[in-house]
Amino acid sequence: MRAPLLLPVAFFSVAFLRAAEPAPAPAPPRNISYNTVTTGPRSPEEERLSFTLPPGFEVELVAAESPGFGKFITVDWDARMRLWAMTALEYPVDGNEQKAASDALFAAGGRDKVVVFDAPYAAPAPGQAAVTTPPRVFADGLVMPLGLLPYKDGALVQYGADIRHYRDTDADGRADRHDVILTGFGTQDSHLFPHQFQRQPGGQIFAAQGLFNYSKVRRPDGRPFADGSTEIPFNQCKLGRFTSDGASFESLTAGPNNIWGLVTSREGETFLQEANDIGYPVIPYEPGIWVATGSKDRLRPYQPLMPPPLPPAQMGGTGLSGLALAEDRDGLFRRYGAAAADGAKVFFLANPITNTINAVRATPTADGARYRYEKLPDFLTTTDKWFRPVAIHFGPDGALYIVDWYNKIISHNEVPRAHPDRDKSRGRIWRVRHRDQSRTPPPDLTRLDDRALLAEFGGPNALVSRLAWLELTDRKATALAPELAQIAADRAVANDRRFAALWALESLAPLPAAVLVSLAGDPAPTIRRQAARLAAAQPRPESEFLAIVTPLVADPSPTVRAAVGDALRRVPQASPRVMALAAQMGGASLATGGDWERYDREFERYLARWAMELNPAATTALLDSPAGRALPLENRLLATLALGGRRAALGLAAMAPDLARSLSDEEVRILAAHFAEPSARAALTAALDQAGSRAVVLRALLALRTSIDAAPLTPALTAAAKTLLISPVPAEATLGAQVAGAFKLAAAEPELTTALSIEVTKDRQPTLLAALRALRELSLGSIGEFERLARSAEDPAVRDEALAAFATLRSPEAVARLVRLLPALTAGQRGNLLDRLAAHEAGASAIVGGLRDGSMASADLGVSVAEKLMLRMPGDPAVAALWRSHGGDAQRALRLPGGRGDFAETQLTLAGPFTVECWAKLDPGIDHRDGLLGLSGVIDFNFFDGRFRVWLGEANDVVQAKKKAVPGVWTHYAVTRDGRGFFHLYLNGELEMSSAGPSQSVFTGLNVGRSRLNPSNGTTAGWLAEYRVWNVARSASEVRDAFDRSFAGTAVSARPPGLVELFTGANWGPLKGAARVEPTEDAPVLLTPGEAAKQEEKFTRFRALANGAGNRDQGRQLFTLLCLTCHQQGGKGGLIAPPLDGIGNTGVEALLRNILTPSAAMESAYRTYRVVLKDGSVRDGFLAGDTPEAVVLRTPGAEDQRITRGEIKQTSYLNRSLMPEGLLEAMPPQQVSDLFSYLKTLK
């Protein structure tokens, strides 16, 4: 890399070039099998006519795409009733895949905007939108601003790592400045940035973040938060809240996955939405909840998991994207789906996967404690599969507003990020009205005086009522505080009006204790819940706090008790009297009752312990007092555990003998962490020694194995595992084997080996499999036993596990006998076995020896084996030959170091129309010295100010890209000159810019990789690949359709017409200076014609099987065996791959694509993670945990592996899915039909 100039950096994307046999075919057409959408886009009016709604409802178009406007994300309203929205034309660019490209895009700014529709309420003319002119641009130059909230003189907007306040200080309708409120948010995944901004009482604002983003939230000026911290972790799926001045920020939940729906009712009940359809389409929120999620992050280690409110999965899609609650007085939407019982709520859900608006009804349970949720018939359906509702809200006019992404592609990982079929322009905003609704424009609240605003509290429209109390607080109308207090306390006033008054008062003045005491005795649990919350929301004497919340500790409503628990942890410098209330809430866990009753008790215990943890001195004083000593055992134990550390462990050890139950997972964790303490060791050892508690303790330790240092426990664990392994009870023996494998208890090898000789029955099979897996983890075992089982076991699962364990043995004898076994195995077994052998030195040497003497068939060695061998023996000729046979040679690219005279002497001529295109990845410091093609003083396809351009000596800059290039990222570049002499630039298959004027000059003697400055100032520093020169001007569609295809290996006679030069692989012509051809590892696959033909042949064969007659019951069994090892469906299965709920909606073509070509498009976090150990062995899997001390690797059919940093040589993500290829190829044809017959039912 040459020395950098002080100029901006640049942008490039990705290629993987494979050699293939010659094929007499042009570039294969772009694969469009990723989903079932086979039709093109419709006009807005055609789409409107496709909708089906219940009688009485109708759809109106509010706004549609227009030049520069589209891809709307959500809508919101301000007090003037203006409709706000934002665009995401730049979507997607993910930092976890292309960090440099993502960072550069946010630094430079993009095409996205925050827009305002000032008057959206008129009835649209037939076939037209309600708004026929482009919206007003409030802020532009943005990149995918997923969070938006109109606020005072502007809006809060998410931008990259920031939450900003864009302000219109001169009242001209456009932002003229912005202030950063908070920063440090992760940009790893561009559809999961902070979003769902919603104002809450007390000046708080909600913000949600998704699964694959990691944040360290800071104030921009380095000032501490109100709690004294300067940086707050906010990782993966969470709901958080902050204040508009950035003074406070906190995490409120763990999970759920990707909160794209959030709504707060008139009564202050907040409901969330989990995107993946695993039983949580509507979630009752309380601060501190944990909802099912792919993240292992918790607010507290002992946080209880909320049961699913609406099991089983039944929404039919894994991308639920919006939640709206019908609350308006007219009841027209609330009555949908039959007359609702008193207090019932009706929710509408945006489902872009199934192209529908779903509906869910929530009916209060008989005791009024919670809601019972049920799915209603879909509210809106359509025949237009481009309809993609991504947000849904009720507006101030009573209509239901729907934001329509309008796209053939909706899933983030449906196709590669730069796929040309991702629509980048369309987007519509619809509203659904009932024919009986009046069309009265909502009031401009800013024009009302304070008392008129007060009259809107609890009014007919829920949103207007909400905006009214927010407007009153923004005005600081403190003169109304006495009247607001009177309304809030008056039980004769409608509750929603009381709530609005209460929330306005909260931000205007201290809440009188007498008012809150009165509210704490109110008949409505939602009112009592607010009393508990508000008791700690403002500073007040402790005596007042106790007077308010003490009667509520044992309230019959679990939501009220939860509010008390949350309030207890927010009392500053709490006294022992306050902690006594917390301890009172920490009663014993319930052994009986329904899921929700038991959950409510655990949630209260968790909140109580959290409060006591935050006040250790007061908790200690309580425990040392007569009142503390008089507490029931379980309450006293919870308070003791809250002290944490050594005292918690010693206290637990002292009380353990008196417990009438087994130790909990959390209690086991505490004792294990202090195993060096004699009393803690004695308590845990005693629990392991007792038959009644041994299994419970071991299962708890298994669940904790990746988060604790188990070395001190090894003797006790070994003794327990040995005892269980010889047990006649199959479940106990299986647990013993699992413990031996998970904790690598080598001393248990004799018992594990003995377990291999048991008679295989239905009850004993799990023990045998667990023993084999444990021996595999230990790389120990009997060669003879493994070989016997591999050859003669009747159960295929046992044979496979025996082979896997056999492959971990590293002795020469074991490897030799295993290699001799290969001919007797199936192709799938051979592939898996060889992949395991290649991971260690003895196995890799045996494979290479077999390649050299011809005893090992290269056809049995897949890409993964070749990669691992290249890691160990990159210079070995046999390995190099294998690498080339798998297309590794096609991964070679032209490396240009950037020195003087480094280029390829191609001597090209460009005359008349032409196209020059290639993939490039440039080193940092991109500037005008970096050129793709040039001749000194004549022509240069280079980069100026970091942007790709065409420079001519006769005219200087002819055309230049708008986007800057990014170093270290592969990008496809194309330059065409049409018949009129006009130049056109393309980036990643998309037209970027055209020249203003023509040139018909003929250019000769052009060299690849040379700029006009070469050799005096150095030249291109980077990589070039798949370089093509055409004597025709390729059309935009031709460039787009073939940019991700390769012609490598195609005979000259079989190339498409007009392709006159192709430089790829090792073929670049004479190389000058230090230019050279080298392997590159980071490029994705570009299909050659031959490969595309083979792939289509494979698709044709399996398409017929997938559409053939199959047995669903047999398919379900196959699905459980093959798929649920890694995936989840209906909340069951592994945690290695994305959930499969609703996968049947994608259709046969998409299912085939995902199974046959799993690496073609994938969520970045599900790529294979490779760990190379210092001993040379290689481990691949799913990165389940990453801490400064260790990484946790998850693989199918095995316990999570905790690998300490001291063992690791290097780690990296591979550009390959964890899902193996060849799954269907290894199955008999009928099983393929059976599997698909079941997959198609998962809707």
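The values are calculated or read from the model by the stated rules, or taken from the named source; none is laboratory data. On a predicted model such as this, the values are computed, not experimentally measured, just so you know. No Cβ is skipped: glycine too gets one built from the backbone with ideal geometry, and neighbour counts run over all protein chains shown.
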field: Hits in the range 728-775 (condition: part of a loop (DSSP other than H, G, I, E, B), over 20 Å from ALA700 (Cα atoms) and free of Cβ contacts under 8 Å to residues at least 24 places away in the same chain)
entry: PRO728, ILE758, GLU759, THR761, LYS762
query: Hey, does the range 227-237 have a residue that's modelled with pLDDT under 95 and among the charged types (D, E, K, R)?
result: yes
task: Evaluate the following for GLY1197: is it in contact with a Ser or Thr (Cβ under 8 Å, 6 or more places away or on another chain) and over 29 Å from ALA774 (Cα atoms)?
output: no
- prompt: Taking the range 185-211 as the search range and keeping residues that are modelled with pLDDT of 95 or more and in contact with a Ser or Thr (Cβ under 6 Å, 6 or more places away or on another chain), which one is nearest to LEU463 (Cα to Cα)?
  reply: GLY203
field: Per-region count, the range 1111-1145, residues more than 24 Å from the chain's Cα centre (by Cα), within 20 Å of GLY1222 (Cα to Cα) and not in a helix (DSSP H, G or I)
entry: 0
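Could you identify the single residue in ASP474, ASP421, ASP450 that is over 23 Å from ASN495 (Cα atoms) and not hydroxyl-bearing (Ser, Thr, Tyr)? Talk me through it step by step, then tell me what you get.
Details: ASP474 fails: over 23 Å from ASN495 (Cα atoms); ASP450 fails: over 23 Å from ASN495 (Cα atoms).
Checking each option against the conditions leaves just ASP421.
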query: Out of all the residues in the range 696-707, is one or more in contact (Cβ under 8 Å) with a residue 60 or more places away in the chain, over 20 Å from ALA771 (Cα atoms) and of a type in the set (D, E, K, R)?
result: no
query: How many of the residues in the range 436-458 are without any contact (Cβ under 8 Å) to a residue 60 or more places away in the chain and closer than 21 Å to ASP330 by Cα?
result: 7
- request: Looking for whichever is crowded, with 17+ Cβ neighbours inside 10 Å, touching a Leu at 6+ places or on another chain (Cβ under 6 Å) and part of a helix (DSSP H, G or I) here; the options are ALA500, ALA567, ALA504. Which one fits?
  value: ALA504
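Return a yes/no flag: does the range 837-845 have any residue that is hydroxyl-bearing (Ser, Thr, Tyr) and closer than 17 Å to VAL879 by Cβ.
Initially, the range 837-845 is screened for residues hydroxyl-bearing (Ser, Thr, Tyr), giving 845.
When the remaining residues are screened for being closer than 17 Å to VAL879 by Cβ, the result is 845.
Yes, the range 837-845 contains a residue that is hydroxyl-bearing (Ser, Thr, Tyr) and closer than 17 Å to VAL879 by Cβ.
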message: What's the number of the only condition in (1) surrounded by fewer than 19 Cβ atoms within 10 Å (Cβ to Cβ); (2) farther than 25 Å from VAL263 by Cα that ASP153 fails to meet?
response: (2)
- prompt: Within the set of pairs 6 or more residues apart or between chains, which connect a residue that is free of Cβ contacts under 8 Å to residues at least 60 places away in the same chain inside the range 155-183 to a residue that is among the hydroxyl-bearing types (Ser, Thr, Tyr) with Cβ atoms less than 7 Å apart?
  reply: GLY160/THR187; ALA161/THR183; ALA161/THR187; ASP162/THR183; ASP176/THR169; ARG177/THR169; HIS178/TYR166
task: Please go through the range 706-719 and pick out each residue that is in a helix (DSSP H, G or I) and either at pLDDT 95 or above or within 39 Å of the chain's Cα centre (by Cα) (or both).
output: ALA711, PRO712, LEU713, THR714, LEU717, THR718
message: I'm told ALA155 meets every condition in (1) part of a loop (DSSP other than H, G, I, E, B); (2) closer than 16 Å to LEU83 by Cα; (3) of a type in the set (Gly, Ala, Ser) except one. Can you identify the failing condition by its number?
response: (1)
task: Inspect all residues belonging to the range 92-112 and state whether any of them is of a type in the set (Val, Ile, Thr) and in a loop (DSSP other than H, G, I, E, B).
output: yes
- request: State whether one or more residues within the range 586-597 are in contact (Cβ under 8 Å) with a residue 24 or more places away in the chain and out of contact with any helix residue (DSSP H, G or I) (no Cβ under 9 Å at 6 or more places or on another chain).
  value: yes
query: Consider ALA492 against the criteria (1) out of contact with any helix residue (DSSP H, G or I) (no Cβ under 7 Å at 6 or more places or on another chain); (2) not in a loop (DSSP other than H, G, I, E, B): it satisfies all of them except one. Which criterion is unmet?
result: (2)
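Based on what the data block shows, is ALA537 touching a helix residue (DSSP H, G or I) at 6+ places or on another chain (Cβ under 7 Å), touching a residue at least 60 places away in the same chain (Cβ under 8 Å) and not in a helix (DSSP H, G or I)?
yes
Can you confirm whether PHE1003 is more than 22 Å from LYS964 (Cβ to Cβ), surrounded by 15 or more Cβ atoms within 10 Å (Cβ to Cβ) and over 41 Å from the mean Cα position of the chain (by Cα)?
Values: more than 22 Å from LYS964 (Cβ to Cβ): yes; surrounded by 15 or more Cβ atoms within 10 Å (Cβ to Cβ): yes; over 41 Å from the mean Cα position of the chain (by Cα): yes.
Answer is yes for this residue.
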- prompt: Filter the range 238-274 for residues that are without any contact (Cβ under 8 Å) to a residue 60 or more places away in the chain and not in a strand (DSSP E or B); which is farthest from LEU299 (Cα to Cα)?
  reply: ALA247
- request: Please go through the range 508-526 and pick out each residue that is in contact with an Asp or Glu (Cβ under 9 Å, 6 or more places away or on another chain) and surrounded by fewer than 24 Cβ atoms within 10 Å (Cβ to Cβ).
  value: ALA513, VAL517, ALA524, PRO525, THR526
- prompt: Scanning the range 852-872 for residues that are surrounded by fewer than 17 Cβ atoms within 10 Å (Cβ to Cβ) and in a loop (DSSP other than H, G, I, E, B), which turns out nearest to the chain's Cα centre (by Cα)?
  reply: ALA857
message: Being free of Cβ contacts under 8 Å to residues at least 24 places away in the same chain, in a strand (DSSP E or B) and among the charged types (D, E, K, R) is the filter here; which residues of the range 954-1004 pass it?
response: ASP957
message: All but one of (1) at pLDDT below 95; (2) surrounded by fewer than 22 Cβ atoms within 10 Å (Cβ to Cβ); (3) in contact with a Pro (Cβ under 9 Å, 6 or more places away or on another chain) hold for ASP978; state the number of the condition that does not hold.
response: (1)
- prompt: (1) surrounded by fewer than 19 Cβ atoms within 10 Å (Cβ to Cβ); (2) under 35 Å from the mean Cα position of the chain (by Cα): which one isn't true of ARG791, the others all being true?
  reply: (2)
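Select from the range 630-660 the residues that are charged (D, E, K, R) and in contact (Cβ under 8 Å) with a residue 40 or more places away in the chain and write down the one among them that is surrounded by the fewest Cβ atoms within 10 Å (Cβ to Cβ).
Taking the range 630-660 first, the residues charged (D, E, K, R) are 634, 636, 646-647, 658.
Retained after the next criterion (residues that are in contact (Cβ under 8 Å) with a residue 40 or more places away in the chain): 634, 636.
Values: GLU634: 17, ARG636: 19.
Among residues in the range 630-660 that are charged (D, E, K, R) and in contact (Cβ under 8 Å) with a residue 40 or more places away in the chain, the one surrounded by the fewest Cβ atoms within 10 Å (Cβ to Cβ) is GLU634.
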- line: Of the conditions (1) buried (at least 21 other Cβ atoms within 10 Å of the Cβ); (2) over 28 Å from LEU769 (Cα atoms), the single one that ARG1205 does not satisfy is (1)
field: THR363, sole failed condition from (1) modelled with pLDDT under 95; (2) in a loop (DSSP other than H, G, I, E, B)
entry: (2)
message: Tell me whether the range 933-952 contains one or more residues that are under 25 Å from SER1046 (Cβ atoms) and part of a loop (DSSP other than H, G, I, E, B).
response: no
message: Consider the range 292-314. How many of its residues are crowded, with 19+ Cβ neighbours inside 10 Å, touching a strand residue (DSSP E or B) at 6+ places or on another chain (Cβ under 6 Å) and within 21 Å of PHE347 (Cα to Cα)?
response: 2
